[in-house]
1. Can you tell me the orientation of helix 90-99 relative to the chain, as the angle in degrees between its alpha-carbon axis and the longest Cα principal axis, to the nearest 10?
2. Under a point-charge model restricted to the Cβ atoms of Lys and Arg (+1) and Asp and Glu (-1), what is the dipole moment magnitude of the chain relative to its Cα centre, in debye to the nearest 20?
3. Which net charge results when you count Lys and Arg as +1 and Asp and Glu as -1 among the other residues whose beta-carbon is under 11 Å from that of D37?
4. Which net charge results for the neighbourhood of K24, defined as the other residues with beta-carbon distances under 13 angstrom from its beta-carbon, given Lys and Arg at +1 and Asp and Glu at -1?
5. Please give, to one decimal in nm, the separation of the simple spin-label points placed at D9 and N46, each 7 Å out from Cα toward the Cβ.
6. Which value in nm describes the separation of the simple spin-label points at A90 and D111, placed 7 Å from the Cα toward the beta carbon?
7. Assuming R0 = 22 Å, what is the FRET efficiency of E82 and K24, from their Cβ-Cβ distance, to the nearest 0.05?
8. In terms of Cα to Cα distance under 29 Å, which lysines are near enough to K104, apart from those fewer than 8 places away along the same chain?
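Read-outs: derived from the displayed coordinates by stated rules, not from any lab. Since the structure is predicted, the reported quantities are computational estimates derived from the model, not experimental observations. All Cβ positions, even for glycine, are placed from backbone atoms using ideal geometry, and neighbour counts span all protein chains on display.
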Amino acid sequence: MSIPDSHRDLLSSPVATLATIGPKGDPQQTVIWFLSDGDSVSISLNTDRQKVKNLRERPELSLLIVDPANNQRYLEIRGRAEIAPDDDYAFATKVGQKYGADLKMYDGPDDKRVVVRIVETKVIAVHIG
C-alpha cells in the first residue's frame with residue numbers, strides 16, 4: 001500500500017492524531033509530532049507514556065492527519081507499531097529539528113525514547129467536496 005499523491009502533502013503537516021488501544025480495550029488518542037520518509041511514518045515516544053505501553057501490549061494503531069486548510073480532507077494510516085530503542089536520541093533529534101525543539105527537554109533524566117515506525121495495513125485518503 002502507499003499514500004496516494006493526492007494526499008502526500010499531508011505528510012508534512014504539523015501534527016497528527018495517534019490512536020492506540022488502552023489496557024481495558026478502550027481507544028486512546030494523542031496529538032503527536034511525526035516524521036515521514038517516503039510512505040513510511042515514524043514517531044518518537046517517551047517509554048513512560050501510556051501510548052508506548054499500549055503499543056507494546058497491542059501494536060495496532062491508527063494515525064489521522066487532517067488537512068489544516070480543509071477539515072474535510074484527511075489521511076488515515078492504519079497499521080501496526082514496529083518499536084525500536086532510540087537510546088542515543090538520534091531519531092528524537094531529527095523530530096526535534098522538524099519542530100524546532102529539543103525532545104530531551106520533555107523527558108526526565110532517566111527517561112528513554114523509542115522510535116515507533118508504522119507498518120501500514122490500510123491507507124484511507126478522503127476529500128469531501
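1. Approximately 50 degrees, to the nearest ten.
2. 280 debye
3. Numbers: positive: K94, R117; negative: D39.
That works out to +1.
4. For residues surrounding K24, the net value is 0.
5. In this crude label model, D9 to N46 measures out at 3.5 nm.
6. Reported label-point gap for A90 and D111 is 2.2 nm.
7. On the way: r = 24 Å, r/R0 = 1.11.
For E82 and K24, the calculated efficiency is 0.35.
8. Filter leaves K51, K53, K94, K112.
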